[in-house]
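Have a look at the structure below before the remarks.
The values are calculated or read from the model by the stated rules, or taken from the named source; none is laboratory data. All values reported here derive from a predicted model rather than from experimental measurement. Don't worry about glycine lacking a Cβ; one is built from the backbone with ideal geometry, like all the others, and counts go over all protein chains shown.
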Amino acid sequence: MSSQDLIQARVCFSSGQHARVLTAAGECDAHLSGALEYAAESTAGLPATGDYVLARPIDAVTVLIEQLLPRRTKLSRRAAGTRREEQVLAANVDLAFLLCGLDGDFNPRRIERYLAVAHEGGVEPVIVLNKADACPDRDERLAATRAIAGDAIVLMISALTGEGCDALIQLLAPGLTAVLLGSSGAGKSTLLNRITGSEMHSTAAVRKHDSRGRHTTTHRELIPLPTGAALIDTPGLREIQLWAGESSIAAVFDDIALLATRCRFADCTHTSEPACAVRDAIDPARLNSFHKLQREAARHTDPRPEKARWRAIHKAQKQFHKLRGR
């Protein structure tokens, strides 16, 4: 077969060397070519859910993925563990539905983190406050969310009763891809069932003491919708370590950036400097979140702290072996 025999496909599920893709003929199994795996500098260079690829048909139900096409947008986090490595959660996404339950799951600081991830990936964020039917102080929480949302759309819904879901569904225009992001128990599976009008995904009650879920979704999956849009469902995120630069943090905290122009010092850190215009005007919890995300972004963009840590480790190892040899 020549390169002309390659077909374009879209990854709807990816797990290591195995994937499933959508082609013009339908869904089929896919495997990665050895050349593609060898050329990838990290796991971020391998196909993720939502990616477009060029594949070689093997038989009627199997293809071999030969090439990963350039990503238009992506949502990434730093991979779990100690390695400095990017994990792509979803690729070629237009909207990110940032789902947050209005029960014990409600956390403005987590929403700020999700917003930074969306800005970094070039994806338009939509904050979705779910479980409006179970929240007695919904108006206060809506106001608190709008105060940190910036230009992002904020929707209050109940995936269980259907309240507010029509406004969300109207955003799923033909040809558009959206992704559901949120912690376990936020109601992603219930919302997906509401959008599709079916019980295609199982749901489970959250724990009473902390409103955390039981991970009814176990993998990322792209689902074509009857409207012609596509929706990527994701497992609940226990944590989302930033894979983002300082410009994305600034975009989320634009109120702090505006106030900072009035500080006495141009390099004011808004911690202890005199005549700081930020400290007294911003909610301390939000300012602490800003500083925390800034530190994470600095570690992402500046490899020097990581290199210094390894230099210290190697130096300690040499000293240990030197003393041991006495």
inquiry  = I need the full set of residues from the stretch 226-242 which are buried (at least 18 other Cβ atoms within 10 Å of the Cβ) and modelled with pLDDT of 90 or more, in order please.
reply    = Ala229, Ala230, Leu231, Ile232, Asp233, Thr234
inquiry  = If the requirement is being closer than 29 Å to Gly16 by Cα and not assigned by TED's automatic domain parsing to the domain that holds Gln294, which of these qualifies: Ala152, Ala116, Ala134?
reply    = Ala116
key: In the stretch 8-31, the residues that are at pLDDT below 95 and touching a Pro at 6+ places or on another chain (Cβ under 8 Å)   = Ser14, Ala19
query = Got at least one residue in the stretch 104-114 being within 14 Å of the chain's Cα centre (by Cα) and either surrounded by fewer than 20 Cβ atoms within 10 Å (Cβ to Cβ) or aliphatic (A, V, I, L, M) (or both)?
reply = yes
request  = Would you be able to say whether some residue in the stretch 73-85 is under 20 Å from Ser184 (Cβ atoms) and surrounded by 24 or more Cβ atoms within 10 Å (Cβ to Cβ)?
outcome  = yes
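Criterion first (in contact with a strand residue (DSSP E or B) (Cβ under 9 Å, 6 or more places away or on another chain) and part of a helix (DSSP H, G or I)) does Leu142 satisfy it?
yes
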request  = Output the residues belonging to the stretch 155-176 that are in a loop (DSSP other than H, G, I, E, B) and crowded, with 20+ Cβ neighbours inside 10 Å.
outcome  = Ile157, Ser158, Ala159, Leu172
ask   = Quick one: how many residues across the stretch 122-139 are farther than 17 Å from Ile153 by Cβ and either assigned to a loop (DSSP other than H, G, I, E, B) or under 23 Å from the mean Cα position of the chain (by Cα) (or both)?
value = 4
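Having 3 or more residues that are over 23 Å from Pro235 (Cα atoms) and within 26 Å of the chain's Cα centre (by Cα) is the bar; report the strands (runs of 3 or more DSSP E) wholly within the stretch 1-74 that clear it.
Numbers: elements: 7-15, 18-23, 26-32, 52-59, 62-68.
Here the list reads 62-68.
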message = So for the stretch 95-102 (the condition being within 16 Å of the chain's Cα centre (by Cα), surrounded by 22 or more Cβ atoms within 10 Å (Cβ to Cβ) and assigned to a loop (DSSP other than H, G, I, E, B)), does at least one residue qualify?
response = no
task = Within the stretch 9-24, track down each residue that is loosely packed, with under 14 Cβ neighbours inside 10 Å and either in the same structural domain as Leu225 (by TED's automatic domain parsing) or touching a residue at least 24 places away in the same chain (Cβ under 8 Å) (or both).
result = Ser15
query = Which ones in the stretch 177-194 are surrounded by 24 or more Cβ atoms within 10 Å (Cβ to Cβ), part of a helix (DSSP H, G or I) and in contact with a helix residue (DSSP H, G or I) (Cβ under 9 Å, 6 or more places away or on another chain)?
reply = Leu191
task = Inspect the stretch 133-142 for any residue being out of contact with any Lys or Arg (no Cβ under 7 Å at 6 or more places or on another chain), surrounded by 22 or more Cβ atoms within 10 Å (Cβ to Cβ) and among the hydrophobic types (A, V, I, L, M, F, W, C) and give the result as yes or no.
result = no
